[in-house]
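Structure first, then comments.
The values are calculated or read from the model by the stated rules, or taken from the named source; none is laboratory data. For clarity, every value in this text was computed on a predicted model and none was experimentally measured. With ideal geometry, Cβ positions are generated from the backbone for all residues, glycine too; neighbour counts draw on all protein chains shown. Surface areas here come from the heavy atoms of the whole protein model, side chains and all, with no ligands, DNA or RNA. Shrake-Rupley method; radii C 1.70, N 1.55, O 1.52, S 1.80 Å.
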Amino acid sequence: MNREKPCVCVLDASTYVGFWILKGLLNRGYIVHAAIQKNGEKEIEKQIKDMEKLEERLVVFHVDILDYQSILVALKESSALFCCLDSPDSYDEKMVDMEVRGAINVVEACAQTDSIEKIVFNSSLTAAIWREDICSDKDVDERSWSDQGFCRKLKLWYALAKTLSEQAAWALAMDRMLCMVSINAGLVLGPGVTQQNPRLTMFYLKGAAEMYENGVLAFVDVNFLANVNIRAFEDRSTGGRYFCFNQIVNTEEEAVKLAQSLSPLIPLPPRYECQVSEVYAERLKTKKLNKLVAGTAC
């Protein structure tokens with residue numbers, strides 16, 4: 001007899017990434033607490049509520065990340081939290097502060113929930129790549145962090161939010177002796193991304209030219225990202241940060257393909273023809289990811 005899979009929580013399940021993690025968990029037989037914020041993606045929220053009517057292993061909770069008690073209710077009996085904190089509306093200084101406070105509340109709630117074994121915290125490559133010396137030829141790996149002063153100077157609010165919220169989550173998780181893994185994802189692509197995740201896509205791409213020219217513009221398929229999240233929970237040996245991407249965009253041809261995949265978010269000139277151009281050095285390293293996903297299908 002197969003052992004029944006445990007209960008886990010996805011917060012915010014109405015984000016683009018959170019929804020794919022939720023679907024992946026249900027497909028693997030987990031009981032899922034789908035925690036949804038009131039300002040979440042409406043189309044995805046409707047799909048989740050429709051799924052709840054048919055799927056007995058899915059329970060929907062409405063949470064406010066600034067309301068600690070509402071998070072505790074969603075976490076009850078969960079053995080893991082998959083944390084996906086994204087603003088569907090905008091990123092500015094105020095939203096940076098809100099996301100940091102939300103991350104602290106979520107991790108503290110996990111510390112007060114006896115059943116939690118691991119936190120899988122979804123962050124971004126933008127929390128690692130933005131520094132004054134972005135033009136240097138140094139490799140960028142999981143030890144790298146974006147410089148918050150540089151992000152403020154360039155008004156890279158999305159990158160700043162991801163940097164500070166992840167750092168706050170790590171500081172509190174270590175203080176509370178919680179097992180945590182962070183997944184630092186590249187630009188997320190996948191079915192319906194331009195309709196269901198348009199603003200976050202554009203927030204990520206602020207400074208795309210600089211990322212491209214410095215070999216740190218990368219993308220990840222959302223299904224692969226969801227699988228990495230689940231693998232990070234199931235593999236007891238995981239720890240620390242994991243860069244997660246499928247490909248680095250470092251040629252003009254690849255840049256054009258990326259823009260085409262994001263149409264109409266990124267318009268291309270009519271009859272655009274790619275010219276042979278410089279190939280930029282790839283500087284992002286994924287040794288940890290490669291070990292984690294060895295033998296895992298995308």
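Below are the figures for this structure:
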read-out	value
Scope the stretch 24-38; condition out of contact with any Pro (no Cβ under 8 Å at 6 or more places or on another chain) and more than 12 Å from F82 (Cβ to Cβ); matching residues	L26, N27, R28, G29, I36, Q37, K38
Hits in the stretch 6-56 - residues which are touching a helix residue (DSSP H, G or I) at 6+ places or on another chain (Cβ under 8 Å), under 18 Å from K76 (Cα atoms) and not in a helix (DSSP H, G or I)	V8, C9, V10, L11, D12, A13, V32, H33, A34, A35, I36
Single residue of the stretch 52-101 satisfying the filter (among the acidic types (D, E) and within 23 Å of Y204 (Cβ to Cβ)) that is modelled with the lowest pLDDT	D89
Residue check for N27: free of Cβ contacts under 8 Å to residues at least 60 places away in the same chain, under 15 Å from R57 (Cβ atoms) and open to solvent by 10 Å² or more (accessible area, probe 1.4 Å)	yes
Tally of residues being in a loop (DSSP other than H, G, I, E, B) and open to solvent by less than 20 Å² (accessible area, probe 1.4 Å) across the stretch 181-195	1
Matching residues in the stretch 59-97 - criterion: being among the acidic types (D, E) and outside any loop (DSSP other than H, G, I, E, B)	E93, D97
Lone unmet requirement of (1) open to solvent by 60 Å² or more (accessible area, probe 1.4 Å); (2) closer than 20 Å to N229 by Cα for K42	(2)
Of the criteria (1) closer than 21 Å to K288 by Cα; (2) open to solvent by 40 Å² or more (accessible area, probe 1.4 Å); (3) modelled with pLDDT of 95 or more; (4) outside any helix (DSSP H, G or I), which one M177 fails	(1)
Meets criteria (among the aromatic types (F, W, Y) and more than 28 Å from H33 (Cβ to Cβ)) for F121	no
Cross-chain or 6+ apart pairs with Cβ under 6 Å, the stretch 253-276 first and within 17 Å of G190 (Cα to Cα), then at pLDDT 90 or above and part of a loop (DSSP other than H, G, I, E, B)	A255/V249; L258/V249
The one condition in (1) closer than 19 Å to T201 by Cα; (2) in contact with a helix residue (DSSP H, G or I) (Cβ under 6 Å, 6 or more places away or on another chain); (3) of a type outside the set (S, T, N, Q); (4) not in a helix (DSSP H, G or I) that C151 fails to fulfil	(4)
Condition met for D133 (of a type outside the set (K, R), more than 17 Å from the chain's Cα centre (by Cα), surrounded by fewer than 18 Cβ atoms within 10 Å (Cβ to Cβ) and in a helix (DSSP H, G or I))	no
Residue satisfying condition, being part of a loop (DSSP other than H, G, I, E, B), touching a residue at least 40 places away in the same chain (Cβ under 8 Å) and crowded, with 21+ Cβ neighbours inside 10 Å, within set V216, V228	V216
Any hit, the stretch 55-67, residues being out of contact with any Leu (no Cβ under 9 Å at 6 or more places or on another chain), surrounded by fewer than 17 Cβ atoms within 10 Å (Cβ to Cβ) and more than 21 Å from I119 (Cα to Cα)	yes
Every pair of residues 6+ apart whose Cβ atoms lie under 7 Å, when the first sits in the stretch 139-164 and is closer than 28 Å to G239 by Cβ and touching a residue at least 24 places away in the same chain (Cβ under 8 Å) while the second is small (G, A, S) and surrounded by fewer than 16 Cβ atoms within 10 Å (Cβ to Cβ)	E142/G240
Residue, nearest to T163 (Cα to Cα), within the stretch 79-113, restricted to residues that are within 16 Å of the chain's Cα centre (by Cα) and of a type in the set (D, E, K, R)	E99
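For every residue, the table says whether it meets (1) of a type in the set (S, T, N, Q); (2) assigned to a loop (DSSP other than H, G, I, E, B); (3) at pLDDT below 80; (4) over 22 Å from L125 (Cα atoms).
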position: F243; (1), (2), (3), (4): no, no, no, no
position: V256; (1), (2), (3), (4): no, no, no, no
position: A259; (1), (2), (3), (4): no, no, no, no
position: S263; (1), (2), (3), (4): yes, yes, no, yes
position: Y272; (1), (2), (3), (4): no, yes, yes, yes
position: V276; (1), (2), (3), (4): no, yes, yes, yes
position: V279; (1), (2), (3), (4): no, yes, yes, no
